[in-house]
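The values are calculated or read from the model by the stated rules, or taken from the named source; none is laboratory data. Predicted model, so just to flag it, every value in this text is computed and none were measured. Cβ atoms come from the backbone with ideal geometry, glycine included; neighbour counts cover every protein chain shown.
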């Protein structure tokens with residue numbers, strides 16, 4: 001039988017939530033062992049870095065907290081305790097200066113995740129954290145020990161406290177597949193079903209649009225759904241629509257489609273131009289130009305934007321300047337489906353807050369949870385990483401208070 005290992009704290013999961021928890025605990029003098037079932041740490045963190053590693057956002061804090069929707073009140077104290085400026089200071093403390101982009105998003109100046117992750121791992125090693133890769137947690141045995149399957153065989157760990165940072169259910173190939181749900185349900189915890197978040201939506205494009213414009217960007221548009229508007233960029237995918245402006249509305253769109261079978265998204269292709277100004281531009285003599293040529297020259301619509309107008313309003317667009325301006329300002333697109341978890345950037349669902357006392361698992365003293373495995377969701381823009389870090393720090397502090405008791 002394998003020897004029982006006895007660190008003060010075992011952290012299961014080597015993503016941002018688990019690693020920041022390990023850093024916080026080891027910095028306080030506790031012995032910490034991190035267990036990650038993949039061959040490397042921070043695989044989703046590195047994947048996020050391919051787009052520039054959006055660490056957090058610089059917007060007003062109240063607006064920031066509101067991005068977490070139904071979970072905002074639960075997350076608020078954790079986001080206050082480890083706020084966006086704290087995350088920026090942490091990154092800069094690892095030698096990675098940051099900058100604020102034009103959209104208010106915060107990035108490392110390198111626009112890469114790998115230098116930050118390397119410096120982070122070096123700090124953890126210097127603080128004495130035992131870093132274990134290819135160690136898959138299979139649950140607890142009859143004695144209450146954590147059991148791991150590794151290439152060297154079974155390992156049993158009996159810590160004074162445990163932090164679970166097991167991830168959600170998006171990007172399963174990077175390690176977060178939600179397979180841990182049954183182990184916690186066996187401990188009387190409730191796990192809300194995982195649903196795709198920050199995901200694209202199906203549109204029944206015409207064959208011509210799909211063939212010609214799949215992959216074409218829609219720059220600086222405004223998307224509106226049921227009174228909420230999102231500004232930014234989108235992408236006309238072969239299956240439908242995706243991109244940051246879409247993701248900001250994805251929770252409401254997903255839920256509407258689940259309830260009603262479709263959702264009507266309205267696109268303003270020129271949000272910076274008032275309708276009266278558009279009408280004035282379109283009132284100038286058109287001459288013998290085709291409608292497409294006229295729209296390109298008069299209001300600088302791109303080919304994909306003109307094609308989207310026809311998808312929304314029909315091939316024959318209005319001729320009257322005011323009606324045409326109105327069509328540009330409000331192009332309705334019907335979304336008929338939500339892409340699955342395999343295409344989602346993140347996931348909704350997970351371990352419910354009602355299963356927790358703070359971040360401690362009810363009925364399992366000394367077991368705490370953090371990160372994407374908790375039941376919250378947020379749009380892209382730095383909100384996902386910020387909450388992972390904040391809940392990781394909060395779980396570590398909860399462990400320290402538990403051990404002191």
Exercise. Listed residues 332, 271; which is part of a loop (DSSP other than H, G, I, E, B) and touching a strand residue (DSSP E or B) at 6+ places or on another chain (Cβ under 7 Å)?
Worked result: 271
Exercise. On the given criteria, is residue 91 within 25 Å of residue 369 (Cβ to Cβ) and in contact (Cβ under 8 Å) with a residue 40 or more places away in the chain?
Worked result: no
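Answer with yes or no whether residue 216 is touching a strand residue (DSSP E or B) at 6+ places or on another chain (Cβ under 6 Å), under 24 Å from residue 297 (Cβ atoms) and either outside the structural domain of residue 380 (by TED's automatic domain parsing) or free of Cβ contacts under 8 Å to residues at least 40 places away in the same chain (or both).
yes
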Exercise. In segment 8-47, what residues are surrounded by fewer than 21 Cβ atoms within 10 Å (Cβ to Cβ) and within 24 Å of residue 101 (Cα to Cα)?
Worked result: 46, 47
Exercise. Quick one: is residue 352 surrounded by fewer than 19 Cβ atoms within 10 Å (Cβ to Cβ), touching a residue at least 60 places away in the same chain (Cβ under 8 Å) and in contact with a strand residue (DSSP E or B) (Cβ under 8 Å, 6 or more places away or on another chain)?
Worked result: yes
For this session: Could you tell me whether residue 264 is over 30 Å from residue 190 (Cβ atoms) and free of Cβ contacts under 8 Å to residues at least 24 places away in the same chain?
Result: no
Problem set entry | Those residues of segment 185-217 which are assigned to a helix (DSSP H, G or I) and at pLDDT below 95, in sequence order | 185
Problem set entry | Qualifying residue in segment 187-207 (condition: farther than 27 Å from residue 346 by Cβ and outside the structural domain of residue 52 (by TED's automatic domain parsing)) | yes
For this session: Report whether or not residue 233 is within 25 Å of residue 324 (Cβ to Cβ) and part of a loop (DSSP other than H, G, I, E, B).
Result: no
For this session: Residue by residue through segment 355-389, note down the ones that are within 19 Å of residue 23 (Cβ to Cβ) and either part of a loop (DSSP other than H, G, I, E, B) or outside the structural domain of residue 111 (by TED's automatic domain parsing) (or both).
Result: 359, 370
For this session: Would you be able to say whether some residue in segment 157-168 is closer than 15 Å to residue 343 by Cα, modelled with pLDDT under 95 and under 24 Å from the mean Cα position of the chain (by Cα)?
Result: yes
Exercise. Taking segment 1-33 only, how many residues are under 23 Å from the mean Cα position of the chain (by Cα) and under 22 Å from residue 143 (Cβ atoms)?
Worked result: 2
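Residues are listed down the side, and each one gets a yes or a no for (1) under 14 Å from residue 59 (Cα atoms); (2) buried (at least 18 other Cβ atoms within 10 Å of the Cβ); (3) assigned by TED's automatic domain parsing to the domain that holds residue 46:
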residue: 69; (1), (2), (3): no, no, yes
residue: 81; (1), (2), (3): no, no, yes
residue: 90; (1), (2), (3): no, yes, yes
residue: 98; (1), (2), (3): no, yes, yes
residue: 105; (1), (2), (3): yes, yes, yes
residue: 118; (1), (2), (3): no, no, yes
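Does segment 149-159 include one or more residues that are touching a helix residue (DSSP H, G or I) at 6+ places or on another chain (Cβ under 6 Å), closer than 24 Å to residue 12 by Cβ, in contact (Cβ under 8 Å) with a residue 60 or more places away in the chain and surrounded by 21 or more Cβ atoms within 10 Å (Cβ to Cβ)?
Quick first cut of segment 149-159, residues touching a helix residue (DSSP H, G or I) at 6+ places or on another chain (Cβ under 6 Å) only: none.
No; the residues of segment 149-159 include none that is touching a helix residue (DSSP H, G or I) at 6+ places or on another chain (Cβ under 6 Å), closer than 24 Å to residue 12 by Cβ, in contact (Cβ under 8 Å) with a residue 60 or more places away in the chain and surrounded by 21 or more Cβ atoms within 10 Å (Cβ to Cβ).
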Exercise. Looking at (1) in contact with a helix residue (DSSP H, G or I) (Cβ under 9 Å, 6 or more places away or on another chain); (2) modelled with pLDDT of 95 or more; (3) surrounded by fewer than 19 Cβ atoms within 10 Å (Cβ to Cβ), which is the only condition residue 291 fails?
Worked result: (2)
